[in-house]
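Quick notes on the structure that follows.
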């Protein structure tokens, strides 16, 4: 059971602590499909900037082959020129990709997402993942019962 | 205009001009002024849609912050489509808003708009009236879209019955486009359209 509580982000009440009824109500509503559009739908605006940490940790590599271009400015890289590499292995000029990541957290080429420093957005992503997981679980259960 | 924006548009312009789509006549791109801030796009209506045979002009405005922000694009040619305003030509397409990515180009954006003509997103409408017709009377929607394509975009198939109804309102001294909009909005019921125009 500990795993279940952990997964749900729950813990036992401290001595003398009262349950947070508003929080319970909110979880109840979410679990029964209310607020779906807001919490499990789409993020309503451009996702926030990538976290400073993630931007700092981008790999720097030296271009070895000709004819590669930076997808942001569309300029061809010179051999031996330095470039920044995203975890999805797409390459950009440092100036280009940093301007972009200061605005939003995904690869301009394939939308691979870096972590952000925005708590609300991270919570939204977690919630979305949980909703997907739940849908899969229900489907598995349904299939095991009816097939 | 910011240096990176102008430089990128110039590179893109070359890319579009050398593309298969331009060679095949599916899309076109032209400069409007020398400053590279405004361009004119052209797409042809995709086959097996009511837009087939039509040629649609788009206004493209490139912001200073391009490619970090999307270009502003609207239809100049009037079009009957759930995701395009029949009044302003404004387009509801996610990649022109919060799904923009800096690696998208004018070529890929024009192709996406062309794809939107093949597959409307009725769940995310720009024009509520058109979207309602699209959902509730598909046949009428297809005819209306084909009629608009014929009248405004040079499409091949005239709808005789619709032309007659527009003519009836013209005879009453009503502006042609206003008449067409009213009739399209009221599912081509002459009486209701007339009532609305004179109220």
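Of all residues in the range B:158-196, those that are over 19 Å from residue B:130 (Cβ atoms) and surrounded by 13 or more Cβ atoms within 10 Å (Cβ to Cβ) total 7.
Exposed (fewer than 12 other Cβ atoms within 10 Å of the Cβ) and within 14 Å of the chain's Cα centre (by Cα), is that true of residue A:113? The answer is no for residue A:113. Being in contact with a strand residue (DSSP E or B) (Cβ under 7 Å, 6 or more places away or on another chain) and within 14 Å of chain B (Cβ to nearest Cβ) is true for just one of A:92, A:124, A:109. Which residue is that? Only one candidate passes the filter, namely A:92.
Within the range B:121-139, the set of residues being in contact with a helix residue (DSSP H, G or I) (Cβ under 7 Å, 6 or more places away or on another chain), outside any helix (DSSP H, G or I) and surrounded by fewer than 19 Cβ atoms within 10 Å (Cβ to Cβ) comprises just one member, B:122. No other residue among B:142, B:170 is farther than 30 Å from residue A:100 by Cβ and either in contact with a helix residue (DSSP H, G or I) (Cβ under 6 Å, 6 or more places away or on another chain) or without any contact (Cβ under 8 Å) to a residue 24 or more places away in the chain (or both) apart from B:170. Just one of the listed residues (A:133, A:127, A:103) is touching a helix residue (DSSP H, G or I) at 6+ places or on another chain (Cβ under 6 Å), modelled with pLDDT under 95 and either within 26 Å of residue B:9 (Cα to Cα) or outside any loop (DSSP other than H, G, I, E, B) (or both), namely A:127.
Counting only residues that are within 12 Å of another protein chain (Cβ to nearest Cβ) and in contact with a helix residue (DSSP H, G or I) (Cβ under 8 Å, 6 or more places away or on another chain), the range A:50-89 holds 6 of them. If you go through the range B:85-93 one residue at a time, do you hit one that is in contact (Cβ under 8 Å) with a residue 12 or more places away in the chain, away from chain A (no Cβ under 14 Å) and on the phi > 0 side of the Ramachandran plot? Among the residues of the range B:85-93, at least one is in contact (Cβ under 8 Å) with a residue 12 or more places away in the chain, away from chain A (no Cβ under 14 Å) and on the phi > 0 side of the Ramachandran plot, which makes the answer yes.
The one condition from (1) surrounded by 14 or more Cβ atoms within 10 Å (Cβ to Cβ); (2) within 14 Å of another protein chain (Cβ to nearest Cβ); (3) under 18 Å from the mean Cα position of the chain (by Cα) that residue B:97 does not meet is (1). The residues of the range A:74-89 that are surrounded by 13 or more Cβ atoms within 10 Å (Cβ to Cβ), in contact with a strand residue (DSSP E or B) (Cβ under 7 Å, 6 or more places away or on another chain) and outside any strand (DSSP E or B), listed by number, are A:75, A:77.
Of the numbered criteria (1) buried (at least 20 other Cβ atoms within 10 Å of the Cβ); (2) within 13 Å of chain A (Cβ to nearest Cβ), the one residue B:43 fails is (2).
The values are calculated or read from the model by the stated rules, or taken from the named source; none is laboratory data. In this text the structure is predicted, and so the values were computed from the model without any measurement. Please note: Cβ atoms are built from the backbone with ideal geometry, for glycine as well, and neighbour counts cover all protein chains shown.
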